[in-house]
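Visitor: One structure coming up, written as structure tokens, with questions to follow.
The values are calculated or read from the model by the stated rules, or taken from the named source; none is laboratory data. Computed from a predicted structure; not experimentally measured. Don't worry about glycine lacking a Cβ; one is built from the backbone with ideal geometry, like all the others, and counts go over all protein chains shown. Protein only, heavy atoms only, side chains kept; ligands, DNA and RNA dropped before computing areas. Shrake-Rupley method; radii C 1.70, N 1.55, O 1.52, S 1.80 Å.
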Amino acid sequence: MEVNRFMANLEMKHPGEHEYLQAVREVISSIEKVYNEHPEFDKAGILERIVEPDRIFIFKVPWVDDAGNIRVNTGYRIQFNNAIGPYKGGLRFHASVNPSILKFLGFEQTFKNALTTLPMGGAKGGSDFSPKGKSAAEVQRFCHNFMLELWRNIGPDTDIPAGDIGVSGREIGYMYAMYKKLARVNSGVFTGKALGFGGSLVRPEATGYGCLYFVNQMLETKGMSIEGKTVAISGFGNVAWGAALKATRMGAKVVTLSGPDGYIYDEAGLDDEKIAYMLELRASNNDVIAPYAKKFKAEFIPGKKPWERKVDVALPCATQNELNLQDAKNLLSNGVICVGEVSNMGCTAEASDAFVESRILFAPGKAVNAGGVATSGLEMTQNAMHLSWTAEEVDQKLRQIMSAIHDQCALYGKEADGYINYVKGANVAGFMKVAKSMMDQGYIS
Ligand code: NDP
């Protein structure tokens, strides 16, 4: 296999699917060498099979707005690969959603889930419907209509959706209720449920917590820790909140948050009150961060991203390609020590390359943010066993899983000069697990 030739064919087949092609190129560039050491993979067409989803469901979702108008959005579910377990991955509700974005997310999810050590395949779905600016009644009607179509294609042993951008506990509750009505089973088919009906303690915090455990372990390889470090976070959603909470609890100082309107710089650092306010701001159906600056007398920088600040650790927590080459150069010239991609593909390819080439600690989303889906896996286990673990039990398992992911990255990513290339390590470890499982199951997997 030769990367450029393979990509040229894929680009011809899927023109314009930029995010999907970007994600595939990143993975196959990392695995090229190891793939070519296994001629049996090539003979079995593993690469051609692994980059294509098993199937994609696309459906229209009509719903009625508060003024009585019928509106129509598009719904998707991409079942990417189930070689190592049932399809598993979140639903994203955001105006920007399209097949390319969901294919990149489903592709990444396949390898991320393999890294968690749990038996979960990869999937992703969602809609170009954005809950932002909609009333709760509108969101509920949309969720119900979305499920009217999707319910046939999911199930606790086949495909288990969860949340992502624009889908949190509220949307999961509405969708789960409609699923139960239609399927007439009370199985834990969704993860990210509220605690009262099968949700897991620590699931809302899990992606951010897992990120901090992973980042701390990266710093430990250099004899450092997160304690006392200055941290830049982007976004102010679910993942940003969990990351800010854990970073602060571990003794770091979080100085930035951001929204589509700009970013805030809070020199004093976040504390419990400010972190609780992040939730308030989200719940207000607001998509601006500026009110934080006013409330806590922090600096607000309109239209800019936090990566221009001098920090030790940078954690992109909002969306794909939110940190570009110029941002990477700014962070590097300001002496950043560690960058953990918490959003999926948060860094452009050029930014990731710049971090790896400069030999700073840098890890990709599929490793850093895997604590979210790992805890979803723990929620599935609790549902299947009809019991609930304590927060300490879940947190303990989450720590073990993040540590196992770190060790796999270190095993497959260590280079001749001793540098741990986490991008390569995560991609090779995830790929090898899925590829070997596909080989074991013959050509229909
Ligand atoms: P939320 O919806 O809670 O927050 C997302 C944040 O990103 C918001 O601040 C949002 O602002 C911003 N954002 C979303 N899309 C865009 C865009 N196109 N341009 C600029 N800003 C944008 O989502 P989560 O916190 O759950 O997810 C954040 C990231 O973490 C995503 O990349 C997601 O895939 C990833 N992730 C999430 C997991 C989870 O458990 N939730 C697990 C693993 C990864 P606004 O709403 O105003 O657009």
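Quick grid of which residues meet (1) over 27 Å from ALA426 (Cα atoms); (2) among the basic types (Lys, Arg); (3) at pLDDT 95 or above; (4) not assigned by TED's automatic domain parsing to the domain that holds PHE362:
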{"position": "LYS253", "(1), (2), (3), (4)": "yes, yes, yes, no"}
{"position": "TYR265", "(1), (2), (3), (4)": "yes, no, yes, no"}
{"position": "TYR277", "(1), (2), (3), (4)": "yes, no, yes, no"}
{"position": "ASP312", "(1), (2), (3), (4)": "no, no, yes, no"}
{"position": "PRO316", "(1), (2), (3), (4)": "no, no, yes, no"}
{"position": "VAL339", "(1), (2), (3), (4)": "no, no, yes, no"}
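Visitor: Is at least one residue of region 146-155 more than 30 Å from ARG25 (Cβ to Cβ), open to solvent by 10 Å² or more (accessible area, probe 1.4 Å), of a type in the set (Phe, Trp, Tyr) and part of a helix (DSSP H, G or I)?
Guide: Yes, region 146-155 contains a residue that is more than 30 Å from ARG25 (Cβ to Cβ), open to solvent by 10 Å² or more (accessible area, probe 1.4 Å), of a type in the set (Phe, Trp, Tyr) and part of a helix (DSSP H, G or I).
Visitor: Looking only at region 266-288, decide whether some residue is hydroxyl-bearing (Ser, Thr, Tyr) and open to solvent by 40 Å² or more (accessible area, probe 1.4 Å).
Guide: Yes, there is a match, as at least one residue in region 266-288 is hydroxyl-bearing (Ser, Thr, Tyr) and open to solvent by 40 Å² or more (accessible area, probe 1.4 Å).
Visitor: Pull out all pairs, ordered by first then second residue, where Cβ-Cβ is under 9 Å, the residues are six or more apart or on different chains, the first lies in region 395-414 and is part of a helix (DSSP H, G or I), and the second is acidic (Asp, Glu).
Guide: Pairs found: ASP395/GLU205.
Visitor: Determine, yes or no, whether LEU323 is surrounded by 20 or more Cβ atoms within 10 Å (Cβ to Cβ), within 12 Å of the ligand (Cβ to nearest atom) and at pLDDT 95 or above.
Guide: The answer is yes for LEU323.
Visitor: Among the candidates ILE160, ILE172, ILE165, which residue alone is of a type in the set (Val, Ile, Thr), within 16 Å of the ligand (Cβ to nearest atom), open to solvent by 20 Å² or more (accessible area, probe 1.4 Å) and assigned by TED's automatic domain parsing to the domain that holds ALA83?
Guide: Among ILE160, ILE172, ILE165, only ILE165 is of a type in the set (Val, Ile, Thr), within 16 Å of the ligand (Cβ to nearest atom), open to solvent by 20 Å² or more (accessible area, probe 1.4 Å) and assigned by TED's automatic domain parsing to the domain that holds ALA83.
Visitor: Just to check your reading of the model, which residue among LYS305, LYS222, LYS310 is within 18 Å of ASP327 (Cβ to Cβ) and surrounded by fewer than 14 Cβ atoms within 10 Å (Cβ to Cβ)? Spell out the reasoning first.
Guide: Working: LYS305 fails: surrounded by fewer than 14 Cβ atoms within 10 Å (Cβ to Cβ); LYS222 fails: within 18 Å of ASP327 (Cβ to Cβ).
The match here is LYS310.
Visitor: Quick one: is ALA363 assigned by TED's automatic domain parsing to the domain that holds VAL215, touching a strand residue (DSSP E or B) at 6+ places or on another chain (Cβ under 7 Å), touching a residue at least 60 places away in the same chain (Cβ under 8 Å) and within 16 Å of the ligand (Cβ to nearest atom)?
Guide: In short, yes.
Visitor: What tally of residues in region 103-130 results from selecting those that are over 12 Å from the mean Cα position of the chain (by Cα), under 15 Å from ALA429 (Cα atoms) and within 12 Å of the ligand (Cβ to nearest atom)?
Guide: 1
Visitor: Same structure again: For region 316-331, which residues satisfy the criterion of being of a type in the set (A, V, I, L, M, F, W, C) and closer than 17 Å to THR256 by Cα? Step through it out loud before you land on a result.
Guide: Looking only at region 316-331, we keep the residues that are of a type in the set (A, V, I, L, M, F, W, C), and these are 317-318, 323, 325, 328, 331.
Residues satisfying the conditions are CYS317, ALA318, LEU323, ALA328, LEU331.
Visitor: Report, by residue number, each residue of region 184-211 that is free of Cβ contacts under 8 Å to residues at least 40 places away in the same chain and open to solvent by less than 30 Å² (accessible area, probe 1.4 Å).
Guide: VAL189, PHE190
Visitor: If ALA114 meets every condition in (1) open to solvent by 10 Å² or more (accessible area, probe 1.4 Å); (2) closer than 18 Å to ALA370 by Cα apart from one, which number is that one?
Guide: The failed condition is (1).
Visitor: Return the residues of region 175-218 that are within 15 Å of the ligand (Cβ to nearest atom), charged (D, E, K, R) and assigned to a loop (DSSP other than H, G, I, E, B); say none if nothing qualifies.
Guide: LYS193
Visitor: While we're looking at this one, here's another question. Please report, ordered by residue number, the strands (runs of 3 or more DSSP E) entirely within region 248-329 with at least 1 residues that are on the phi > 0 side of the Ramachandran plot.
Guide: Output list reads 262-265.
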